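The values are calculated or read from the model by the stated rules, or taken from the named source; none is laboratory data. Remember, predicted model here, so these are calculated numbers, not experimental data. Cβ placement follows ideal geometry from the backbone for every residue including glycine, while neighbour counts extend to all protein chains displayed.
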Amino acid sequence: MEEKKEKEQKGKSIKDLAKGTQVWKAIFGDLLFGEFKPFSPINSLMRGIAKIMQLHPYNMSVGGKRIIMYTFCLGGLSVFFFALLTCTGAFLMIYYNPDVNKAYANVEDFRYIVPFGVLIRNMHRWTAHLMVMFVSLHMLRVFLTGAYKPPRELNWIVGVILLVFTMLSSFTGYLLPWDQLAYWGVTIGCSMGENAPLLGAKGPFALLESGKDVNSILVGGAAVGQPTLLRFYLLHAIALPLGIAGLMGFHFWRIRRAGGVSGPL
Amino acid sequence: MAEEQDETKDKDEVIVRMSKEEWEYVKDLHVSVDYKEGFETLTPKQQDYTVRHLRDSVGIEFIAGLLFTFIIMVWSLYMDAPLKELANPSDTPLDERAPWYFIGLQELLIYFDPWLAGVVIPSILFVGLIALPFIDPNKESGIGRYSFRARPIAVSAFCFGYAMWYILIVVGQFFRGPGRVFYWPWEDKTVVKDALPVEMVNFHIAGGFAFFILYFSACVIAPRLIFKGFYKTLGTTRYYIFVSLMAIMLLVPIKIFLRYIFDVKYILSLEIFNTALNF
C-alpha cells in the first residue's frame, strides 16, 4: 500500500504540484482554470460582456478547450495589438506636431525629454510590426481551415480590406518621424502610384501631368513634403484607425451571425 | 433537478462527437442537448458547462495577451526603434528601402517595370484575394480543420503565393545591400559592391508573343488534361479565372528564373502610341 502511495506521489506532474499550492489558488482559483462557481459575480460579468460585445458565442460547444491549437489566438491578438497601438499612439500624439520643422525634433524629444517616451515609442513601433505580421498569419489560418467558405465569404472580404488598412496604417505611420529612413521609404512607396497606368504621371498612357496625377492626391504635390506629412498624419491618426475599428466591429458581428468561429468550438 | 435532466435526455438525444479527453471534461454534466438552441433551453448544470467553456477560452486569450505584453515590453526595453538623421530630399541614401511588408513589391521592381510591380501585380493580388471565396468550388469540405487532403489544389495554390510573398520579403530585407545588389549573409554590407556589368537581352518581339501565347494556352489546357474532373467541378467561368490568376502568379518566379539564368530583361517589349510596354 505504501509503495503504491509513493508511486502516486512520484507520478504527479509539476503542474499538479503547482495546482496544490496556495499561490496558484490565489491567482487562478476563482479567475481562471481552477474550481469555479457558475454564478459568481465574475462569471456573470463575463456573460454580460460576451452578450453585449458579441466577442464570444453565448454558448460554446464541446471542443472549446482545443481553441488554442486551432486559432492560435491570431485574430484576438491582432485586436489586442490594435488596442495597444491606440493607447500608445494617443500618448505619442500629445507631444507630436505634424510639421516638417518640428516633427523630427519632437521624435528626438521622446528619446531625451519626455518621461517614458522611448519606451512608448518603441512599443508603438514594435507592436505595429507584430500587428502586420499577425494579421497576415490570421489570414493564412483562416484560409487553411476553410473559414472563408459560405456563409463567411463577406467576412473574408472584410478581412482582406482590414489587412490592406493595417498595412496602410503602418505605412502612413512610417513617414511621421521625418528622418531619412521615413522620407526615402515613403518616396519609394509613393513612386508606385506615380507609375499607375493612365492615372499616374510616369505610367504608360499617362493622361495627367506630374503634380496633378493620382499620386499627388496622396502626396499633395510633386514630391514628399509638408502636405504629405499632414495628410499621412491625418490618415494615420484619424481616418485609418476609425476605418479599422468600424470594420472590426462588423467583422466580429459577422462571426457571431455565422454561428461562431468555423472550427471545433 | 435529477428528473429534469432525465427528461431532457429522453426528449432530445443529440450525439456529440468528442475525444476521450473532452468526455472526461464533461462526463458529469450530462451533455445531451444541442447547444445551438440557445442558453435558455439548457439545464442549470449545462449552463455551468457553457459558461465554464467561455471562461476557459477567455482565460487563454487573457494569458496570450499577457504574454505578448511582456514580450513587447522586453523588446522595447532592449531595442530602440530606428531613427536616422533628419530627412534630406537632396541626399538619396545608397540603400533606400520600403517598410518590410512592402519590400516584396520593391523586390519585384528589380524584375519588372514599376507600373507592373507597383500597381498591376498588387491590384491583381487584391482582386484575386477578394474573389477567392467565389472561385473555390468546394463549399463544404475542409471547414473547421487543417486538412491538406480535403482540398489539395486550393491549399497548395494559396500556400505557394503566400510563401512567395514572404520569400521576396526575406530576400529584400536580408540579402540586399547598397544599391539593391544581392549580398550573401557572410558578405560585408558596408563594402559597396558594383553590380556585375551583365548585358541584358530581350526576347525578339515574335519570340515574346510566341512565349506568352504558348504559355497561357499551356496554362489553360494542361490542368484540364492532367486533373480529370477539375474542369467539371470548377465550371467554365471559374476555371478560366482560376487558371489565368495562377498563370500570372507563376510568371513571377518564371521571370526571376529567366533573369538569373539567361539575363533576360524583358520577355516582350512593345511600343504602342509612343509608350513602352515591357513585360
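Summary table
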read-out	value
Members of the range A:76-101 that are in a loop (DSSP other than H, G, I, E, B), surrounded by 14 or more Cβ atoms within 10 Å (Cβ to Cβ) and more than 10 Å from every other protein chain (Cβ to nearest Cβ)	A:TYR96, A:PRO98, A:ASP99
Residues (closer than 25 Å to B:PHE273 by Cα, among the aliphatic types (A, V, I, L, M) and either in contact (Cβ under 8 Å) with a residue 40 or more places away in the chain or in a helix (DSSP H, G or I) (or both)) located in the range A:202-246	A:VAL214
Lone qualifier among B:GLU61, B:GLU96 - being in a helix (DSSP H, G or I), within 7 Å of chain A (Cβ to nearest Cβ), among the charged types (D, E, K, R) and in contact with a helix residue (DSSP H, G or I) (Cβ under 7 Å, 6 or more places away or on another chain)	B:GLU61
Scope the range A:143-154; condition surrounded by fewer than 21 Cβ atoms within 10 Å (Cβ to Cβ) and more than 7 Å from chain B (Cβ to nearest Cβ); matching residues	A:PRO151, A:LEU154
Verdict on B:GLU140 being of a type outside the set (A, V, I, L, M), more than 7 Å from chain A (Cβ to nearest Cβ), out of contact with any Asp or Glu (no Cβ under 8 Å at 6 or more places or on another chain) and closer than 27 Å to A:THR71 by Cβ	yes
Any chance A:PHE250 is at pLDDT 90 or above and within 14 Å of chain B (Cβ to nearest Cβ)	no
Number of the exception - A:VAL118 against (1) part of a helix (DSSP H, G or I); (2) buried (at least 17 other Cβ atoms within 10 Å of the Cβ); (3) not aromatic (Phe, Trp, Tyr)	(2)
Counted residues, the range B:176-206 - those being more than 16 Å from B:LEU105 (Cβ to Cβ) and surrounded by 11 or more Cβ atoms within 10 Å (Cβ to Cβ)	15
Residue match in the range A:186-196 (condition: more than 7 Å from chain B (Cβ to nearest Cβ) and either β-branched (Val, Ile, Thr) or touching a residue at least 60 places away in the same chain (Cβ under 8 Å) (or both))	yes
Of the criteria (1) small (Gly, Ala, Ser); (2) buried (at least 21 other Cβ atoms within 10 Å of the Cβ); (3) facing chain A (nearest Cβ under 7 Å), which one B:ALA81 fails	(2)
The one condition in (1) in contact with a Leu (Cβ under 7 Å, 6 or more places away or on another chain); (2) among the β-branched types (Val, Ile, Thr); (3) modelled with pLDDT of 90 or more that A:VAL214 fails to fulfil	(3)
Of all residues making up the range B:47-74, the number that are modelled with pLDDT of 85 or more and crowded, with 17+ Cβ neighbours inside 10 Å	4
Options B:SER156, B:SER141: the member that is in a helix (DSSP H, G or I) and either at pLDDT 95 or above or exposed (fewer than 14 other Cβ atoms within 10 Å of the Cβ) (or both)	B:SER156
Residue match in the range A:146-163 (condition: at pLDDT below 95, over 19 Å from B:ARG97 (Cα atoms) and of a type in the set (Ser, Thr, Tyr))	yes
Candidate set from the range B:190-225 (those that are free of Cβ contacts under 8 Å to residues at least 24 places away in the same chain and assigned to a loop (DSSP other than H, G, I, E, B)); member that is nearest to B:TYR240 (Cα to Cα)	B:HIS204
Selection status of B:ILE241, within 30 Å of B:ASN138 (Cα to Cα), among the β-branched types (Val, Ile, Thr), assigned to a helix (DSSP H, G or I) and touching a residue at least 24 places away in the same chain (Cβ under 8 Å)	yes
Test: residue in the range B:123-133 that is more than 30 Å from B:ASN278 (Cβ to Cβ), assigned by TED's automatic domain parsing to the domain that holds B:LEU250 and free of Cβ contacts under 8 Å to residues at least 60 places away in the same chain	yes
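This table checks each residue for (1) within 20 Å of B:ASP263 (Cα to Cα); (2) among the aliphatic types (A, V, I, L, M); (3) touching a Cys at 6+ places or on another chain (Cβ under 8 Å).
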residue: B:VAL181; (1), (2), (3): yes, yes, no
residue: B:ALA206; (1), (2), (3): yes, yes, no
residue: B:PHE211; (1), (2), (3): yes, no, no
residue: B:ALA218; (1), (2), (3): no, yes, no
residue: B:ILE221; (1), (2), (3): no, yes, no
residue: B:TYR231; (1), (2), (3): no, no, no
residue: B:VAL243; (1), (2), (3): no, yes, yes
